[in-house]
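Quick note: the coordinates plus some simple rules give every number you see, no bench work behind them. Keep in mind that what you see is a predicted model, and the values were worked out from it rather than measured. Cβ placement follows ideal geometry from the backbone for every residue including glycine, while neighbour counts extend to all protein chains displayed.
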Amino acid sequence: MTIEEVKARGYNLDIKNPHTVADDYGDPEELLTRLDEAEKEADSLRDQLKAILRDALVGSPDVELIDAFMRTRETGEGTVLEVAVVEWHGPHEPGLRWEEYQSWIGTPNDGEVKTAQLRALADPEFFMQCGRCGERCNVGNMHDNTICQGCAERYLGVVH
Ligand SMILES: [Zn+2]
């Protein structure tokens with residue numbers, strides 16, 4: 001409302017707000033249509049966000065770790081995420097010891113699997129970050145708790 005309008009009404013400010021809730025929202029039919037549209041927009045935003053997250057992960061070293069050291073397996077009752085620890089049967093004979101990390105009844109959705117994978121990546125029982133190169137490695141590829149085998153060979157002169 002402009003000051004002219006207030007003047008025209010004799011400075012009576014006790015006027016019903018023209019933008020009441022009922023005026024703004026209109027009839028229920030239209031409300032439902034708008035709700036539908038809002039939901040479609042939210043779906044599309046969710047899809048875009050998923051794509052962005054996927055792109056952010058692709059090409060990151062963590063994706064390689066997930067590919068190399070994690071697998072999901074169907075069991076009788078559901079699905080199991082297994083995570084592997086690199087074991088050395090000889091200096092140049094690595095093997096993988098698979099351990100059950102999480103299980104679901106039925107089939108987990110992508111988000112549930114991704115969440116479990118990220119949790120496993122952060123689990124020092126399976127993966128550790130090298131203090132020298134900063135890369136996350138399988139514990140079996142660590143020289144000790146602080147440095148990876150590659151860095152130990154390169155910088156400490158360790159021969160594996
Ligand atoms: Zn390193």
### Query
Between Ala8 and Val139, what length comes free when the chain is fully extended (0.36 nm per residue of separation minus the Cα-Cα distance, one decimal in nm)?
39.1 nm
### Message
Projecting each Cα onto the charge dipole of segment 68-160 (Lys/Arg +1, Asp/Glu -1 at the beta carbon, about the Cα centre), which of His143, Val113, Pro124 comes out farthest on the positive side?
### Response
His143
#### Entry: Estimated FRET transfer efficiency when R0 is 22 angstrom, pair Asp47-Thr107 (beta carbons, to 0.05)
0.60
#### Entry: Fewest-first ranking of Ile52, Ile147, using other Cβ atoms within 10 Å as the exposure measure
Ile52, Ile147
### Task
Would you grab the residues whose amide H sits under 5 Å from the one on Tyr101? Only those 5+ places off in sequence or on another chain, please, with H modelled 1.01 Å from N.
Leu81, Glu82, Val83
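Which ordering of Tyr155, Tyr101 is given by a fewest-first count of other beta-carbon atoms within 10 Å?
In increasing order of surrounding Cβ atoms, one gets Tyr155, Tyr101.
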### Query
Which distance in Å, rounded to a whole number, links the C-alpha centroids of segment 117-131 and segment 82-102?
14
